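Novice: Before anything else, here's the structure in question.
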Amino acid sequence: MSTLTELSQAVEKGRAKLVKALVPQALEAGTSPKAILEEGLLSGMNAVGEQFKTGVMFVPQVLMAAKAMNAGMELLKPHLSGESAGFKGRACLGTVKGDLHDIGKNLVRMMFEGQGIEVIDLGVDVAPEAFVQTAIEKDCQIIACSALLTTSMPSMGAVVEAAKAAGIRDKVKIMVGGAPVTDRFCTDIGADAYTPDAATAATVAAGFLA
Ligand code: B1M
């Protein structure tokens, strides 16, 4: 079995210790960090998603898998973001209200930091007003919102409205992403950019700050 297959299965089974051993092993063998992320960690998490959907896996097992995935991401972080570029600007980032998923959001933070974007990470279940208040207080040029649930997506529209109400809409770029989010949804709520993955989000954010 290849190391990436083994890694994918270790995430699926929630074996954080094994993940911590396999990531450095794959790096030492010359596997690219991108392949380790996509064909190892994310592949395992996708398998978890399928089994969660069909009722084969339940929340405790999914949490174990998430823990294993996060452990792997921490080890990959310096390799994924590379040499941090010089300071380009500041973003506040969070998973929107009603939503506790944070793996994609953490990936976005890593990629932003790698592009020289300082990130104020507000965590999960973030109220629209908290994004806007932080943007004002910390002088953020970007508000970045992640959502994994169709039921939490409307909170992204509320972030746009809160920015308008606070009079800062023309001063910040609002970026949205997460599995159920689409370009069409981004346009409908009046956000500035939808990107399908964390790496693209960082490139687009750096473009906004250029
Ligand atoms: Co949840 N969950 N979950 N879950 N969970 C999903 C999202 C689901 C699709 C599973 C399924 O049914 N197949 C489903 C949502 C259905 C829907 O609404 N469409 C679901 C559900 C229903 C739920 C609960 C309601 C289950 C329940 O309790 N009955 C519950 C909700 C809790 C809540 O949030 N209020 C719940 C709970 C959980 C756990 C806590 C157990 C755990 C989260 C642990 C954690 O995050 N720390 C969990 C997990 C792990 C998942 C799955 C299996 C994996 C999500 C993940 O981390 N993927 C997920 C199934 C799946 O996605 N296949 C599922 C890996 C991650 C890297 O991908 O976050 O999509 P993702 O990020 C991607 C892109 O989307 C993008 O970049 C990343 C790639 O580079 N991206 C951005 C993300 N944010 C971005 C922001 C950007 C740009 C790009 O710009 C700002």
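The values are calculated or read from the model by the stated rules, or taken from the named source; none is laboratory data. Since the structure is predicted, the reported quantities are computational estimates derived from the model, not experimental observations. Cβ atoms come from the backbone with ideal geometry, glycine included; neighbour counts cover every protein chain shown. Surface accessibility is based on the protein's heavy atoms, side chains included, excluding ligands, DNA and RNA. Shrake-Rupley method; radii C 1.70, N 1.55, O 1.52, S 1.80 Å.
Novice: Identify, by number, the condition in (1) more than 8 Å from the ligand (Cβ to nearest atom); (2) out of contact with any strand residue (DSSP E or B) (no Cβ under 8 Å at 6 or more places or on another chain); (3) open to solvent by less than 40 Å² (accessible area, probe 1.4 Å); (4) of a type in the set (A, V, I, L, M, F, W, C) that LEU75 doesn't meet.
Specialist: Here LEU75 clears every test but (3).
Novice: I'd like the full set of residues that are open to solvent by 50 Å² or more (accessible area, probe 1.4 Å) and modelled with pLDDT under 95, limited to segment 2-27.
Specialist: SER2
Novice: Could you tell me whether any residue of segment 51-72 is in a loop (DSSP other than H, G, I, E, B) and under 17 Å from the mean Cα position of the chain (by Cα)?
Specialist: No: segment 51-72 contains no residue that is in a loop (DSSP other than H, G, I, E, B) and under 17 Å from the mean Cα position of the chain (by Cα).
Novice: If you take the residues in segment 183-210 that are part of a loop (DSSP other than H, G, I, E, B) and surrounded by 13 or more Cβ atoms within 10 Å (Cβ to Cβ), which one is farthest from the ligand (Cβ to nearest atom)?
Specialist: Filtering first and then ranking leaves GLY190.
Novice: Of the residues ALA144, ALA158, only one is in contact (Cβ under 8 Å) with a residue 60 or more places away in the chain and open to solvent by less than 20 Å² (accessible area, probe 1.4 Å); which?
Specialist: Result of the check over ALA144, ALA158: ALA144.
Novice: Let me ask another. Looking for something touching a helix residue (DSSP H, G or I) at 6+ places or on another chain (Cβ under 8 Å), of a type in the set (A, V, I, L, M) and assigned to a loop (DSSP other than H, G, I, E, B) - is there at least one such residue anywhere in segment 155-165?
Specialist: Checked against the condition, which is being touching a helix residue (DSSP H, G or I) at 6+ places or on another chain (Cβ under 8 Å), of a type in the set (A, V, I, L, M) and assigned to a loop (DSSP other than H, G, I, E, B), segment 155-165 yields no hits at all.
Novice: Here's something else I'd like to know. From the set of residues in segment 81-105 that are in a helix (DSSP H, G or I) and within 8 Å of the ligand (Cβ to nearest atom), which is least open to solvent (accessible area, probe 1.4 Å)?
Specialist: LYS105
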